[in-house]
Amino acid sequence: MELPAATPAPAPGELSGLETRGVSAWFGTHKVLERVSLTMQAGQVTALIGPSGCGKSTYLRILNRMHEMTGTAALAGQVLLDGEDVYAPGRRPSDVRRRIGMVFQRPNPFPSMSIQDNVASGLKLAGIKVGREERAHLVESSLVRAGLWNEVRNRLRTPGGALSGGQQQRLCIARSLAVSPDVLLMDEPCSALDPTSTRRVEETIAELRGRLTIVIVTHNMQQAQRVSQSCAFFLATHDTPGRIVETGDTAQLFGDPVDPRTADYVNGRF
Ligand code: ADP
Ligand code: MG
């Protein structure tokens with residue numbers, strides 16, 4: 001079987017960026033995010049960095065309305081996908097999640113389901129019906145884009161759980177890509193992976209750059225610098241909710257941070 005021709009990268013303007021304006025969030029009376037305003041440029045990789053507990057995961061889940069499935073955060077502010085309010089009345093959370101996919105820290109394929117069915121499950125979950133041929137094509141092209149095709153092309157019917165951790169994570173990326181999302185959110189996607197698997201996932205992220213908008217949470221400062229073009233530093237203290245201290249071009253934020261707290265954090269001083 002031949003590799004499918006690479007899908008041409010979309011022209012600038014065909015990609016959707018993501019923006020939040022003054023997003024605050026509470027769990028009960030506990031305020032965890034304070035007026036977070038951030039633009040995540042279309043086709044770029046934006047890294048969210050900051051100590052544990054400063055609200056990065058909460059923020060990510062708010063972006064695609066996933067907190068409505070698993071959490072109960074009350075919200076203020078706006079989330080805009082391609083300029084349109086993700087929380088507009090009448091907009092279905094499932095439609096938002098189809099356009100804004102998520103990959104988690106722990107790879108979570110369906111372990112006993114075959115590799116090909118795992119990828120196709122992304123379509124099913126999104127309620128997208130396709131014929132057999134189209135399905136096979138989407139499975140293949142998604143695995144190619146996730147950088148996993150060559151490793152699994154001869155064993156598409158083996159269970160997803162038989163893959164290594166790093167392969168499982170790329171399988172989860174392929175599952176997200178199957179529905180052609182505009183945005184991919186990644187919450188510490190390499191924290192559970194060894195260095196070699198981490199590199200492979202980073203290569204996949206680099207390949208995806210320019211094809212969709214990526215937001216990645218990472219505690220790995222080298223990784224943030226390797227994969228992202230812009231960066232936002234989040235910080236909370238014992239009595240203040242998480243907020244953005246500094247945003248900027250990644251090279252600038254690491255090389256010449258404006259805020260002394262950013263300098264301390266990126267240089268490993270807390
Ligand atoms: P990070 O990802 O930066 O480590 P989180 O978004 O996970 O931070 O958490 C931010 C704050 O929100 C923390 O104080 C955490 O305890 C609290 N929190 C997170 N999820 C929930 C939840 N489901 N219910 C209540 N509090 C939560
Ligand atoms: Mg987190």
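Readers should treat all values here as calculations from the given coordinates under stated rules, not as data from a laboratory. Just so we're clear, the structure is a prediction, and the values are computed from it rather than from any experiment. When we count neighbours, we look across all protein chains shown, and the Cβ atoms used for this are built from the backbone with ideal geometry, even at glycine.
Observations, loosely collected:
- Local electrostatic count, D117, Cβ distance below 11 Å [Lys/Arg +1, Asp/Glu -1]: +4
- Other residues lying with their Cβ under 15 Å from the Cβ of I49 contribute a combined charge of -1, Lys and Arg counting +1, Asp and Glu -1.
- The chain - share of DSSP beta bridges that are antiparallel (%, nearest 5): 55 percent
- Percentage relative contact order, the chain, counting C-alpha pairs under 8 Å, at least six apart: 26 percent
- Karplus-derived HN-Hα couplings along the stretch 159-175 (A = 6.51, B = -1.76, C = 1.60, θ = phi - 60°), whole Hz, x at Gly and Pro: x, x, x, 7, 7, 5, x, x, 5, 4, 5, 5, 5, 5, 5, 4, 4
- Charge dipole magnitude, Cβ of K and R +1, D and E -1 - the stretch 123-219, Cα centre, debye nearest 20: 420 debye
- Just so you know, the Cα atoms of the chain work out to an Rg and Dmax of 18.4, 59 Å.
- Cβ-to-Cβ counts within 10 Å put V215, V258 in ascending order as V258, V215, the fewest first.
- Ranked list, fewest to most other Cβ atoms within 10 Å of each Cβ, for K56, K124, K31: K124, K31, K56
- Loop-resident GluC sites (Glu not before Pro) (DSSP state other than H, G, I, E or B) in the stretch 180-264 with no more than 10 further Cβ atoms inside 10 Å of their Cβ are absent.
- For the stretch 21-106, diffusion coefficient by Stokes-Einstein and Kirkwood Rh (Cα), 20 °C, 1.002 mPa s, µm²/s: 157 µm²/s
- Scalar couplings 3J(HN,Hα) for the stretch 34-42, obtained by applying the Karplus form with A = 6.51, B = -1.76, C = 1.60 to θ = phi - 60°, are 10, 6, 8, 10, 7, 10, 10, 5, 4 Hz; x denotes Gly and Pro.
- Once C-alpha pairs closer than 8 Å and six or more residues apart are averaged by separation and normalised to the residue number of the stretch 114-192, the relative contact order reads 45 percent.
- Gaussian network model of the chain, Cα within-10 Å springs - most flexible of P109, P181, P260: P260
- Counting beta carbons within 10 Å around each of M69, M113 and listing the fewest first gives the order M69, M113.
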